[in-house]
Amino acid sequence: MRRHGHFFPEQHENERIILFTRRHWIVFLGHTITAAIIGGVIEIALLLAYFYFPDLADDPDTVKVLIFLGAIIALMIWLIIYIGWVDYYLDVWMISNERIVEIKQNALFNRQISELNLEKIQDVNAKVVGFWGTLLGYGTILVQTAGSTEMFEFLRIPKPYEVQKVILMLRTQYQEKGKEELSQIFQGQTRNIRQIKPLLQYSEKKSNDL
């Protein structure tokens, strides 16, 4: 049975997830539309071949081949869309009272987990690029470490500037209070990107107190 507040097997005993987010929904939508367009074009081509080439339509064996190809293509398109959904849904970034954790699902059977301790964060940069990123409010966050480790990236996530503020606030609180006290600040409650406002209010309150 999963412990309360437990999200993944590598989660530490007293680790509490404070914020988690996935990529913006437009990423999955774009993947789905692209797959549907490609599959639709191929299916239409098969239909045109059936209706505009009488010799094909008159041959029962050829008709069976066309139907078989159409069914295979339809199944492949659904599989591609399903894999896209799995990648979207299982690709998660989490910020806990100890670290940043990235869980990345590569296709169906390959899962990768990366982590970065809060104490190693040197700087956090957020950027929104392009028309759709500006319109829909998604972008990329780059977390710079003090060592030689490469940048830790949050790719195409919603509300990147708000998440940037939360990461910087948690890093500061980690340095001041430690991970045990930090885990109690928000009563161990996990928030997704739509519930980020209380974290931002706490961040603004701490800034005003300085």
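Bear in mind that the values in this text are calculations on the coordinates, not laboratory data. The structure presented is a predicted model; accordingly, all values stated were derived computationally and were not measured. With ideal geometry, Cβ positions are generated from the backbone for all residues, glycine too; neighbour counts draw on all protein chains shown.
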Query - Other-chain or far-sequence residues with amide H under 5 Å of Asn117's (modelled H) - result: Ile100
Report summary line: Largest first and rounded to whole Å, the semi-axes √(5λ) derived from the alpha carbon gyration tensor of the range 55-148 read 46, 17, 9
Query raised in the report: In deg cm²/dmol and to the nearest 500, what is the mean residue ellipticity at 222 nm of the chain if only DSSP H runs of at least 4 residues count, each as -39500 (n - 2.57), divided by the residue total?
Result: -17000 deg cm²/dmol
Query - Taking the range 29-87 and dividing mean pair separation by its residue count, relative contact order in percent (alpha carbons under 8 Å, at least six apart) - result: 47 percent
Query raised in the report: Distance in nm between label sites at Ile113 and His12, each 7 Å beyond Cα in the beta-carbon direction?
Result: 1.3 nm
**Report entry** Segment Gln122-Leu90, extension gain: residue separation times 0.36 nm, minus the distance between their alpha carbons
**Finding:** 8.8 nm
Report task. Report the calculated FRET efficiency for Gln144 and Leu48 (r = Cβ-Cβ distance, R0 = 45 Å), to the nearest 0.05. Result -> 0.25
Report summary line: One can check that the equivalent ellipsoid of the chain, built from the alpha-carbon gyration tensor with semi-axes equal to the square roots of five times its eigenvalues, has lengths in Å, largest first, of 47, 18, 14
Query raised in the report: Going down the table (Lys177/Lys197; Lys127/Lys179; Lys120/Lys179; Lys104/Lys177), which pairs top 19 Å between alpha carbons?
Result: Lys177/Lys197; Lys127/Lys179; Lys104/Lys177
Query raised in the report: Using a ≥ b ≥ c from the Cα gyration tensor of the range 29-87 (square roots of the eigenvalues), is it rounded, prolate or oblate, where a/c under 1.5 gives rounded and otherwise the larger of a/b and b/c decides, a/b for prolate?
Result: oblate
Requested in this report: Sort Phe186, Phe154, Phe8 so the one with the fewest other Cβ atoms within 10 Å of its own Cβ comes first.
Outcome: Phe8, Phe186, Phe154
Query raised in the report: Which angle between 0 and 90 degrees, to the nearest 10, do you get for helix 25-52 versus the longest principal axis of the chain when only C-alpha atoms count?
Result: 0 degrees
**Report entry** Burial ordering of Asp55, Asp123, Asp91, fewest other beta-carbon atoms within 10 Å first
**Finding:** Asp55, Asp123, Asp91
Query - Using alpha-carbon coordinates, inclination of helix 160-177 to the longest axis of the chain, degrees - result: 30 degrees
Requested in this report: With a point put 7 Å past each Cα toward its Cβ, work out how far Gln189 is from Val63 in nm, to one decimal.
Outcome: 6.4 nm
Requested in this report: Could you work out how far helix 60-90 tilts from the main Cα principal axis of the chain, as a 0 to 90 degree angle to the nearest 10?
Outcome: 0 degrees
Query raised in the report: Between Leu19 and residues 5 or more places away or on another chain, which pairs have amide H atoms under 5 Å apart, with H built 1.01 Å from N, and which residues are they?
Result: Ile95, Arg191
